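Report on the structure given below.
The values are calculated or read from the model by the stated rules, or taken from the named source; none is laboratory data. Every value quoted in this text rests on a predicted model; they were computed, and no experiment measured them. Here Cβ is always computed from backbone atoms with ideal geometry, including for glycine, and neighbour counts include all displayed protein chains. Only protein heavy atoms, including side chains, enter the accessible area calculation; ligands, DNA and RNA are left aside. Shrake-Rupley method; radii C 1.70, N 1.55, O 1.52, S 1.80 Å.
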Amino acid sequence: MSSMKESIVELMFLASKIGNPGDRVRVTEWIRKLSETAAEPDAHPRLVEEYMDYLKLLLSSSPIYFVNPFKSYPPKNHRLVPLAESLGNSLANECPYLPRSGPLKPILLHRSEDDTAVISVHQNQQGEVMCYMAITPRNE
C-alpha cells in the first residue's frame, strides 16, 4: 500500500504519458483536486484513495479509456461524493430506469499490494449494500 504522496507522484507520472494534451490537462486537474481534498482538515482518506486507485487503474491500462467521473473536469466548488455513488449516478444517467444513488458511507476499502485490484463496499441510507471491484493487469 502506497502513501498518499506516493500515489500522487505515481498518478502524475502516469498522466505525463497521456498523448492527448486535453486528456492530460483534465487528468492533472483531477490529481490536483484529489490532492487538495486529501489536504482538507476534515478529509476522509478512503474517499480520496478510492478515486486515486480508480484513476491509477484507468491510466495503467493500454489503451486508456476515460470513464465517469474522469471523462469531465472535477467539480470546482463541490465536495467529492464517494466513488460508488458517483459511478452509480453516472449509470443512472445513462440508463434512466435505474435509480439514482443516495449518499453512501464507505464500509470497506481493500486493494492489492501491487495496486492492480481494488474492492470497495458501501451502504446507503436504506441499508442496501453496494459492492464494486476493479482489476487491471500491470503493463510493465
The chain, convex hull of Cα, quarter of hull surface, nm² -> 8.8
Counting only other residues whose beta carbon sits under 14 Å from that of Glu29, what net charge do I get with K and R as +1, D and E as -1? +4
Where does each of Ile135, Ile64, Ile31, Ile8 land when they are ordered by accessible area, with a 1.4 Å probe and the largest first? Ile135, Ile64, Ile8, Ile31
Would you calculate the separation in nanometres between label points at Lys5 and Ala43, each defined as 7 Å from the Cα along the Cα-to-beta-carbon direction? 1.3
Please identify the trypsin sites (Lys or Arg not before Pro) of region 50-94 that satisfy two criteria: DSSP loop assignment and at most 15 other Cβ atoms within 10 Å. Which are they? Lys71, Lys76, Arg79
Rounded percent of accessible protein surface that carbon and sulfur make up, the chain, 1.4 Å probe: 57
